[in-house]
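Below: the structure, in structure tokens.
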Amino acid sequence: MKTENRYRYFVELERKVGIHPFAIWHSEDGPRDVTVWCSNDYLGMGQTQHAIDAMAESVKLHGTGAGGTRNISGTSSSIVALEKECAGIHNKERALVFTSGYVANEASISAILSMMDNPLVLSDSMNHASIISGIRYARTDKIIFRHNDVAHLEELLKAQPLERHKLIIFESVYSMDGDTSPIKEIADLAKKYNAMTYLDEVHAVGMYGAMGGGVAQRDGLEDKIDIIQGTFGKAYGAMGGYIAASDMICDAIRSYGSGFIFTTAMPPALADAALASVKHLRHSSKEREAQQAQATKLKKRFAEIGIPAMPSTTHIVPVMVGDASKCSEISWTLLEEHNLYIQPINYPTVPRGTERLRITPGPLHSDEMLETLVQALAEVMKKVNPPSMKPADDNAVANAS
């Protein structure tokens, strides 16, 4: 792995309340302040006072743990309230909370497929590892359709008997490219060819929609999706995952999903912290609007200065590098020389030859921070000269500066 430049190095960062997006890097030479540019805490909700207070009060009231699985130790009122809130933001009958978004996908997908008769899974080629794992555990037939290719998906559906049980699994926001899926077109195909739909909205909940329900909510398509999956570990700044669906689907997964049945439940304090953030973003849009504004500014500046940002349509701003070694070199140089932290994204997370930096500007990144990043990244990329860089135009860089 080290030889192929895909060994994962873990940088020791210490988040401190009140200084986000800054963190303390415990380097070999001692602690240093760095600016974090790749956090999944997209809106900084993990350090908001309402979430902190909710968790602190809950710990004092309920203690630190859940005591066991929900079946053995009982279901906490905190989780019940969180599930009710999640069902509400997605306009679904019911929601089911898991210990992580990964477990939510793995347990739900495998459970659903195990109850179908000779099922077929149709999965987008860029789906997350947790989706792939859920399909693998189901040990059922699967077909991969080309990323966001509706024509290819219809070709595959058309070849199957109408009565065969089929499940189409896709994501609303793909976190490595920053693009979105054609939800309406896929949902229409599902109805036409008698298939169920499973939509992963982990990078979209809290970020889009009038109540933070995701891209499907923003586009008025929630009622066309059978199962919506989300997380509390990104925009909501906590931890855990969930699905929202009909009462019957949730009850079936609750009864057959081993990742739900045999896992220690989410502690009440964590559920209460997540609930505080979900409730806040259900009624407040200022955080996501500010985040979108900063993402738009950063994309504009990258274009002006010639940094090869990918054509993202979301809050995620990927910068193409195209070489694993140089991607890691750029990341470490930014950290060591400029106190900027951006984790390199290498194979197997992305295909070889598409290595990149994944940048997630947030509402607490100031315009001055954005400009510091732009100038530092331009300097480092010019020095490293990755395959994605065109011949430098010094006049263009100077004018953009």
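Quick notes on this structure:
- Note on residue 158: lysines with a C-alpha under 25 Å away, same-chain residues under 8 apart excluded, are 142, 166, 184, 191, 192, 224.
- Label point at residue 164 placed 7 Å out along Cα→Cβ; residues across segment 124-144 whose backbone nitrogen lies under 17 Å: 124, 139-144
- Whole-angstrom gap from segment 296-310 to segment 208-261, using each part's C-alpha centre: 33
- Cα→Cβ-extended label distance, 7 Å offset, between residue 258 and residue 289, nm: 4.8
- Stretched out straight at 0.36 nm per residue, the stretch from residue 129 to residue 248 would grow longer than its current Cα-Cα span by 40.2 nm.
- Of the residues 15, 94, 139, the one with the largest accessible area comes first in the ranking 139, 15, 94, computed with a 1.4 Å probe on protein heavy atoms.
- Å² per residue, accessible surface of segment 1-142 at 1.4 Å: 53
- DSSP H segments from the chain that extend 15 Å or more along their own axis, Cα-based, with Kyte-Doolittle mean of 0.0 or above: 77-89, 101-114, 268-283, 367-384
- Net lengthening on full extension, residue 332/residue 24 (0.36 nm per residue, minus Cα-Cα): 109.3 nm
- Dividing the summed helix terms, -39500 (n - 2.57) for each DSSP H run of n ≥ 4, by the number of residues in the chain produces a 222 nm estimate of -13000 deg cm²/dmol to the nearest 500.
- Approximate spin-label separation residue 143-residue 339, in nm, with each point projected 7 Å along Cα-to-Cβ: 5.6
- Protein accessible area in segment 334-375, 1.4 Å probe - carbon and sulfur %: 51
- Global geometry of segment 12-101, whether rounded, prolate or oblate, following the gyration tensor of its Cα atoms and the 1.5 cut on a/c: prolate
- Diffusion constant of segment 227-332 at 10 °C, which comes from Stokes-Einstein with the Kirkwood Cα-pair radius and 1.306 mPa s, µm²/s: 91
- With every protein chain in place, segment 1-147: carbon and sulfur % of accessible area (1.4 Å): 50
- Largest accessible area first, the listed residues 246, 58 line up as 246, 58 when surface is computed with a 1.4 Å probe on the assembled protein chains.
- Estimated at the nearest 10 Å², the accessible area of residue 354 is 40 Å² with a 1.4 Å probe.
- Overall form of the chain per C-alpha gyration tensor (a/c, 1.5; a/b vs b/c): oblate
- Solvent exposure of segment 177-293 amounts to 36 Å² per residue of accessible area, where only protein heavy atoms count and the probe is 1.4 Å.
- Measuring nothing but how far apart in sequence close Cα pairs (under 8 Å, 6+ apart) lie, relative to its length, segment 151-195 scores a relative contact order of 45 percent.
- When 262, 145 are compared by accessible area at a 1.4 angstrom probe, the order from most to least is 262, 145.
- Summing Lys and Arg as +1 and Asp and Glu as -1 over all other residues whose Cβ lies under 12 Å from the Cβ of residue 209 gives a net charge of 0.
- In plain terms, the chain from residue 32 to residue 223 could stretch by 63.9 nm, reckoned as 0.36 nm per residue minus the Cα-Cα distance.
- Per-residue 3J(HN,Hα) values for segment 222-230, derived from phi via the Karplus relation 6.51 cos²θ - 1.76 cosθ + 1.60 with θ = phi - 60°, read 4, 6, 8, 10, 6, 9, 10, 10, x Hz in sequence order (x marks Gly and Pro).
- When the solvent-accessible area of segment 203-265 is split by element, carbon and sulfur atoms take up 52 percent of it, the probe being 1.4 Å.
The values are calculated or read from the model by the stated rules, or taken from the named source; none is laboratory data. Bear in mind that the values here come from a model prediction, so they are computed numbers and not experimental data. Glycine also receives a Cβ, built like all others from the backbone with ideal geometry; neighbour counts cover every protein chain displayed. Quick note on the areas: whole protein, heavy atoms, side chains included, nothing else; ligands and nucleic acids left out. Shrake-Rupley method; radii C 1.70, N 1.55, O 1.52, S 1.80 Å.
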